[in-house]
Amino acid sequence: MFMEIRLKRIRAKQQKKLSNSYLALYKNITSYIHMSELNGLEKEKLLQEILDMMLQTQFEGKSIDSTIGKDYEVFCDSIIDEYTKNQNNRILNAFQNYVKYVLLGSLILALTNGFSSQSLSSLDITISQFIIINSISIFVIPMAKEIKKKRISAAKYQKYYTTISGHKGIYALTGLVFFPMLLKTILERFYGKEVLVYRISLFNGWYYVIIAIITIVLIEIYKRARYSN
């Protein structure tokens, strides 16, 4: 965390050296990189590398296209792919985000249920709600991030963005609708309809919460240790 803050401060000072056109492009690149699945430290390292390249190109009086190319998204994607080309890293990122989203979603929904019933003594959610949280974590959030990433250059690639948004939106909506339906059907068949209203208490299952938090932290430590070398 402290390394990220330090790198951000360095970037904030150095990017002031960019001309207006270079700075506008760098801000677009920054927004695009921030929507990637890289962790915070990886993003800062990557943005610093790109900033150094742009400063060098500007100093030499060359066209930015000679470094970035005609499409900064293609350039960013190629560098991001280099950071995440190891399949294990992609799996770790996806799994870490999934656990994080499920944990956060469960907590928010449990608090909502508690306030609705005017009792925070149990902090629980139903099986049905837990299935919905999983569906959102698997389908909706990743697709929303992808659509938001493409929105950055919507003015330039409006047709492409609209196509991507439509496809991703349909995929997310399909997953959100049919995945819960499938799970609910399976559970009802084996355990009966009453299983869907069974309540899971976060207090009683505190060890699962602790395991989830430890898992997120350990994955983050592993990734940071790997990229700090």
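The values are calculated or read from the model by the stated rules, or taken from the named source; none is laboratory data. Keep in mind the model is a prediction, meaning the values are calculated, not measured. With ideal geometry, Cβ positions are generated from the backbone for all residues, glycine too; neighbour counts draw on all protein chains shown.
Okay, residues lined up against (1) assigned to a helix (DSSP H, G or I); (2) farther than 23 Å from Lys223 by Cβ:
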residue	(1), (2)
Ile50	yes, no
Leu107	yes, yes
Leu111	yes, yes
Leu120	no, yes
Ser135	yes, yes
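Tallying residues that are of a type in the set (Lys, Arg) and touching a Leu at 6+ places or on another chain (Cβ under 7 Å) within segment 1-44 yields 2. Residues in segment 1-24 that are aliphatic (A, V, I, L, M), surrounded by fewer than 17 Cβ atoms within 10 Å (Cβ to Cβ) and touching a residue at least 24 places away in the same chain (Cβ under 8 Å): Met1, Met3, Ile10. When Ser135 is tested against the conditions (1) touching a Pro at 6+ places or on another chain (Cβ under 6 Å); (2) modelled with pLDDT under 70, the lone failure is (2).
Applying the selection to segment 11-37, what residues are under 17 Å from Gln56 (Cα atoms) and touching a helix residue (DSSP H, G or I) at 6+ places or on another chain (Cβ under 7 Å)? Of everything in segment 11-37, those that are under 17 Å from Gln56 (Cα atoms) and touching a helix residue (DSSP H, G or I) at 6+ places or on another chain (Cβ under 7 Å) turn out to be Arg11, Gln14, Gln15, Lys17, Leu18, Ser19, Tyr22, Leu23, Leu25, Tyr26, Ile29.
Please verify whether Ile68 is part of a loop (DSSP other than H, G, I, E, B) and touching a helix residue (DSSP H, G or I) at 6+ places or on another chain (Cβ under 7 Å), treating the condition exactly as stated. Yes: the conditions hold for Ile68. Is segment 89-101 home to any residue that is of a type in the set (A, V, I, L, M) and surrounded by fewer than 11 Cβ atoms within 10 Å (Cβ to Cβ)? Checking segment 89-101: at least one residue is of a type in the set (A, V, I, L, M) and surrounded by fewer than 11 Cβ atoms within 10 Å (Cβ to Cβ). For segment 175-202, the set of residues classified as assigned to a loop (DSSP other than H, G, I, E, B) and over 22 Å from Gln96 (Cα atoms) consists of Gly192, Tyr198, listed by residue number.
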